[in-house]
């Protein structure tokens, strides 16, 4: 589970427009100064993001450094109604915002790192040791950021070697055991050229044990390298490039059988991922006009191997190997004339995925899922499989490309601001597949007296190929109206209406089921799947209505952000398990859903040494129309999306002397729930809360922090799923404590 102090850091900067005494003592830039730098790095946003007409959470530079925010997962629950459950592997980086989310395939929240978009949700979860700033925008951001941002947008910016020169070292250890280390150096080679290189390593020994072999599960070894270059050949031209390589190896999953409460399975489980990305940004600024070009290439190579039944029995296993290339290019122009601001752009991408996903049926799976089902229907001519293990092979090639044109205009009328945006988004997705199986079975004649005799041998030799394709065209408008309040501090109210869009696609994990059902059909048992029907799914679309306010008072010591929202969603994409003893998951469109709720963030600092923060989000998400052909789920709550998120904390900074500058004490609580696990709403995780805290000793160039997470050892589950009709859950992490040492050597 993410460390509580990371959530506290994000909440402090989100709800506060003032600098704490710790900033003064360490001579770090405060929030106000940091806001002045936004215009340098952010390409699609204004310089004053505090009054953007959207629900927004920002984690600034000093807070990231002080509280060690290392990954997207670490900012989960910082913002109201923003939740990233910690389960499975780094491939399962699901995000839920305001009642909408996605467990597999297309995300609902976009991710940009240094303005470079990451297209695959499976590649969202990785560590960065040099984060400068994180922005979390909630609500549709489709007009400027395009497909798959109907829930929001996450922008991460890393440290610029033009702004900072020096070396930084971080080392951490804790219960698990957990060990983390990062080393970075930033150097200005000349007035116009600067470079930075950073490395990161992470080790986790696992918190849970597989009873089958006594080994720890949930283990991980990962590392990354980043090389950032910035060149400013002229005063009006800047060129930046970031190259990164990352690898990760995770062992097993802490999935326990819901009936026994035990983690006990016999086959190997692991997830391995290697990735490379390179992003090139060129920006030209002349007066009030700027033109930016952002190009990137990304490569993903991973392998997920599962004991898919998660029992100490030989049912079946899955191996999914993938090679994926992504190429993107975004050209953005923006300018202003008096009270009129404009922005326009062209975005294009190409993604090519090659995947191999064989499912291996073993002895128990063959006997219980095939032989027994078949022989119950025809006991007079029973069958036996000729081999006690066979493979359902599935190979895929998935090229996807898209092109978008977008524009936004903003006009000030005194204290009023009116902004209108429109995006035309086109996408074409293809799927070339091959399903193959080479095995056989024997039919016996049991109609006579005595032992059954061989009736005949039946070979199973299947090699099917095919191609599917779909095209999607969407117009994505957005309208916002804001009013700056007639007070001295920066405060406003706003209203917005926006269309959200999540692209459609193909259920590659269903091909093993299609092949299995075809084999059963050859024996006169089971239902035949229509490939076009079960493999493809439609886009998800929504209309989002929002009313909000950003208010600052008491000389900046109180900052309040509030929002009310209503979301009307059509064809919401849900991850479901087909009926019966099947092996795969399917993304299905769920008719109509609606979601409404409220969000509030409050930060209060009565004096410099004290700060109090509160954050709460409420979401009510239900199906309006959803009939899957057998059951009507209308009125049921949407699964996996939490109803409530909560943060509350208190921080105190005690200055000491020149050697020991200060001691910081923090204590806080966070809560999430309830979370319903299925469409029937039969199972749920009730609301739970965790207590955390930290004490940090700051010596200037050295800081030492002692921290605790889930101090009360709260019991909870982060995930629930079914496999062959059995239910499984993943436990939340237990109570932990540790220490972090940080060294900083400024040039």
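The values are calculated or read from the model by the stated rules, or taken from the named source; none is laboratory data. Only a predicted model underlies this, so the values are computations on that prediction, with no experimental measurement involved. Counting neighbours? That spans all protein chains shown, and the Cβs are built from the backbone with ideal geometry, glycine included.
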Next on the checklist: Can you name every one of the strands (runs of 3 or more DSSP E) wholly within the stretch 342-438 that holds 1 or more residues which are modelled with pLDDT of 90 or more and either under 29 Å from the mean Cα position of the chain (by Cα) or under 29 Å from residue 326 (Cβ atoms) (or both)?
Outcome noted: 359-361, 390-413
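Can residue 396 be described as touching a helix residue (DSSP H, G or I) at 6+ places or on another chain (Cβ under 8 Å), surrounded by 15 or more Cβ atoms within 10 Å (Cβ to Cβ) and closer than 24 Å to residue 300 by Cβ? Break it down stepwise before answering.
Values: touching a helix residue (DSSP H, G or I) at 6+ places or on another chain (Cβ under 8 Å): yes; surrounded by 15 or more Cβ atoms within 10 Å (Cβ to Cβ): yes; closer than 24 Å to residue 300 by Cβ: yes.
Answer is yes for this residue.
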Checklist entry - Which members of the stretch 418-461 meet the condition of being buried (at least 16 other Cβ atoms within 10 Å of the Cβ) and in contact with a helix residue (DSSP H, G or I) (Cβ under 9 Å, 6 or more places away or on another chain)? => result 421, 422, 423, 425, 431, 433, 435, 436, 437, 439, 441, 460
Checklist outcome for this item: Okay, strands (runs of 3 or more DSSP E) sitting entirely in the stretch 123-192 with 3 or more residues that are within 19 Å of the chain's Cα centre (by Cα) and surrounded by 23 or more Cβ atoms within 10 Å (Cβ to Cβ), I get 131-138, 152-158
Checklist outcome for this item: Matching residues in the stretch 277-310 (over 25 Å from residue 332 (Cβ atoms) and assigned to a strand (DSSP E or B)) number 8
Next on the checklist: Return the pair list, or none, for Cβ contacts closer than 6 Å from residues in the stretch 515-543 that are within 23 Å of residue 575 (Cα to Cα) to residues that are at pLDDT below 70 and surrounded by 15 or more Cβ atoms within 10 Å (Cβ to Cβ), at least 6 apart or on different chains.
Outcome noted: 517/526; 517/529; 534/510; 535/510
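Does residue 698 fit the bill of being over 19 Å from residue 672 (Cβ atoms) and touching a helix residue (DSSP H, G or I) at 6+ places or on another chain (Cβ under 7 Å)?
Working: over 19 Å from residue 672 (Cβ atoms): yes; touching a helix residue (DSSP H, G or I) at 6+ places or on another chain (Cβ under 7 Å): yes.
Answer is yes for this residue.
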Next on the checklist: If I filter the stretch 108-130 for residues that are in contact with a helix residue (DSSP H, G or I) (Cβ under 7 Å, 6 or more places away or on another chain) and in contact (Cβ under 8 Å) with a residue 60 or more places away in the chain, do I get at least one hit?
Outcome noted: no
Checklist entry - Which residues, counting only those in the stretch 311-330, are touching a helix residue (DSSP H, G or I) at 6+ places or on another chain (Cβ under 8 Å) and outside any strand (DSSP E or B)? => result 313, 314, 315
Checklist entry - Do any strands (runs of 3 or more DSSP E) lying entirely in the stretch 490-585 carry at least 2 residues that are in contact with a helix residue (DSSP H, G or I) (Cβ under 6 Å, 6 or more places away or on another chain), crowded, with 22+ Cβ neighbours inside 10 Å and at pLDDT 75 or above, and which ones are they? => result 492-502
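From the list 659, 674, 747, exactly one residue is within 23 Å of the chain's Cα centre (by Cα) and surrounded by fewer than 16 Cβ atoms within 10 Å (Cβ to Cβ). Which is it? Write out each step before concluding.
Values: 659 fails: within 23 Å of the chain's Cα centre (by Cα); 747 fails: within 23 Å of the chain's Cα centre (by Cα).
Testing whether each residue is within 23 Å of the chain's Cα centre (by Cα) and surrounded by fewer than 16 Cβ atoms within 10 Å (Cβ to Cβ) leaves just 674.
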Item to check | Checklist (1) surrounded by fewer than 19 Cβ atoms within 10 Å (Cβ to Cβ); (2) within 20 Å of residue 719 (Cβ to Cβ); (3) under 24 Å from the mean Cα position of the chain (by Cα) applied to residue 258, failing item | outcome: (3)
Checklist entry - In the stretch 720-744, which residues are surrounded by fewer than 18 Cβ atoms within 10 Å (Cβ to Cβ) and within 22 Å of the chain's Cα centre (by Cα)? => result 722
Item to check | Residues being over 25 Å from residue 309 (Cβ atoms) and either modelled with pLDDT under 90 or in contact with a strand residue (DSSP E or B) (Cβ under 6 Å, 6 or more places away or on another chain) (or both) - total across the stretch 703-744 | outcome: 20
Checklist outcome for this item: Only one of 337, 289 is closer than 16 Å to residue 44 by Cβ and loosely packed, with under 15 Cβ neighbours inside 10 Å, namely 289
